[in-house]
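The values are calculated or read from the model by the stated rules, or taken from the named source; none is laboratory data. Predicted model only: the values in this text are computed from it and were never measured. FYI the Cβ positions are ideal-geometry reconstructions off the backbone, even for glycines, and counts take in every protein chain you see.
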Amino acid sequence: MKITKVETVYDGFYKMRKLTLEHEGKELIRERFEPGSAVAALVFDTNKQQFAFVRQYRIGPEKEVLEIPAGMLDKAGEAAEDAMRREIEEELGYAVDQLEHIVDMYPSPGGDAEQIKIYYAEVSRHIGEGGGAEGENENITAVMLGWDEVLQETLQDAKTLVAVQWAQLRRQK
């Protein structure tokens, strides 16, 4: 397949583009949702021996969702690791002691250009209130869970499922 034309059809909080593709002599039209690149982390407090999740309202399912802390790569040239450290501090109020890359994933590659870099983070020092960044209209609640409690949760967020499954595999080794 070859992209022959790209048009912006919406440029708001997110972007939507219309792509014209050529494949075996046929022209195809596809729309692509472009929210940008994101980071997310499964956060473990080494002092409390608990995982730190966030609960916040999400517009997609129109309800609060329990998930790992995450955020967009906001600033031009910002390194993913720096963005992840910033998000953990903004959402949970923790400084990061250790950050390990798990995977780069496309949550819905059929029509979505978003890529999420997922990490495992260890924390031990609470340095702020958390709850989200000033001016971003976030209403984030930190939720601390032990391993058994994590396994009892009905998780519905893809990046959270990936991170928790990674942790399960790691524990089995």
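What is the number of the single condition among (1) touching a Lys or Arg at 6+ places or on another chain (Cβ under 7 Å); (2) surrounded by 18 or more Cβ atoms within 10 Å (Cβ to Cβ); (3) over 15 Å from residue 50 (Cβ atoms) that residue 140 does not meet?
Just one mismatch for residue 140, condition (1).
Going by the conditions given, is residue 116 β-branched (Val, Ile, Thr), in contact with a helix residue (DSSP H, G or I) (Cβ under 8 Å, 6 or more places away or on another chain), under 20 Å from residue 44 (Cβ atoms) and outside the structural domain of residue 15 (by TED's automatic domain parsing)?
Details: β-branched (Val, Ile, Thr): yes; in contact with a helix residue (DSSP H, G or I) (Cβ under 8 Å, 6 or more places away or on another chain): yes; under 20 Å from residue 44 (Cβ atoms): yes; outside the structural domain of residue 15 (by TED's automatic domain parsing): yes.
Yes, satisfied.
Which condition number in (1) farther than 30 Å from residue 1 by Cα; (2) out of contact with any helix residue (DSSP H, G or I) (no Cβ under 7 Å at 6 or more places or on another chain); (3) of a type outside the set (A, V, I, L, M, F, W, C); (4) modelled with pLDDT of 95 or more is the one that residue 104 fails?
(1)
Can you tell me which residues in the range 109-130 are without any contact (Cβ under 8 Å) to a residue 60 or more places away in the chain and of a type in the set (Gly, Ala, Ser)? Before you say what the answer is, go through the steps one by one.
Residues of the range 109-130 without any contact (Cβ under 8 Å) to a residue 60 or more places away in the chain: 109-110, 125-130.
110, 128, 130, listed by residue number.
Is the range 54-76 home to any residue that is in contact with a helix residue (DSSP H, G or I) (Cβ under 6 Å, 6 or more places away or on another chain), modelled with pLDDT under 90 and among the hydrophobic types (A, V, I, L, M, F, W, C)?
Kept after step one, since they are in contact with a helix residue (DSSP H, G or I) (Cβ under 6 Å, 6 or more places away or on another chain), are these residues of the range 54-76: 54, 67-69, 71, 73.
Next, from what is left, pick out any that are modelled with pLDDT under 90: 73.
Subsequent filtering for residues that are among the hydrophobic types (A, V, I, L, M, F, W, C) retains 73.
Within the range 54-76, one or more residues are in contact with a helix residue (DSSP H, G or I) (Cβ under 6 Å, 6 or more places away or on another chain), modelled with pLDDT under 90 and among the hydrophobic types (A, V, I, L, M, F, W, C).
Looking for something touching a strand residue (DSSP E or B) at 6+ places or on another chain (Cβ under 7 Å) and farther than 30 Å from residue 18 by Cα - is there at least one such residue anywhere in the range 103-118?
no
Is the range 59-69 home to any residue that is under 17 Å from residue 114 (Cα atoms), among the hydrophobic types (A, V, I, L, M, F, W, C), assigned by TED's automatic domain parsing to the domain that holds residue 107 and out of contact with any Ser or Thr (no Cβ under 8 Å at 6 or more places or on another chain)?
Yes - at least one qualifying residue is present in the range 59-69.
If the requirement is being modelled with pLDDT under 95, in contact with a Leu (Cβ under 7 Å, 6 or more places away or on another chain), assigned by TED's automatic domain parsing to the domain that holds residue 63 and in a loop (DSSP other than H, G, I, E, B), which of these qualifies: 130, 135? Can you show your working first?
Details: 135 fails: in contact with a Leu (Cβ under 7 Å, 6 or more places away or on another chain).
Selected residue: 130, the only one of 130, 135 that is modelled with pLDDT under 95, in contact with a Leu (Cβ under 7 Å, 6 or more places away or on another chain), assigned by TED's automatic domain parsing to the domain that holds residue 63 and in a loop (DSSP other than H, G, I, E, B).
How many of the residues making up the range 29-43 are in contact (Cβ under 8 Å) with a residue 24 or more places away in the chain, in contact with a Leu (Cβ under 9 Å, 6 or more places away or on another chain) and of a type in the set (A, V, I, L, M, F, W, C)?
Quick first cut of the range 29-43, residues in contact (Cβ under 8 Å) with a residue 24 or more places away in the chain only: 30-43.
From the residues that got through so far, the ones that are in contact with a Leu (Cβ under 9 Å, 6 or more places away or on another chain) too are 30-32, 36-39, 41, 43.
Adding the requirement that they be of a type in the set (A, V, I, L, M, F, W, C) leaves 38-39, 41, 43.
The total comes to 4.
Is at least one residue of the range 33-44 touching a Lys or Arg at 6+ places or on another chain (Cβ under 7 Å) and farther than 22 Å from residue 167 by Cβ?
Checked the range 33-44: at least one residue is touching a Lys or Arg at 6+ places or on another chain (Cβ under 7 Å) and farther than 22 Å from residue 167 by Cβ.
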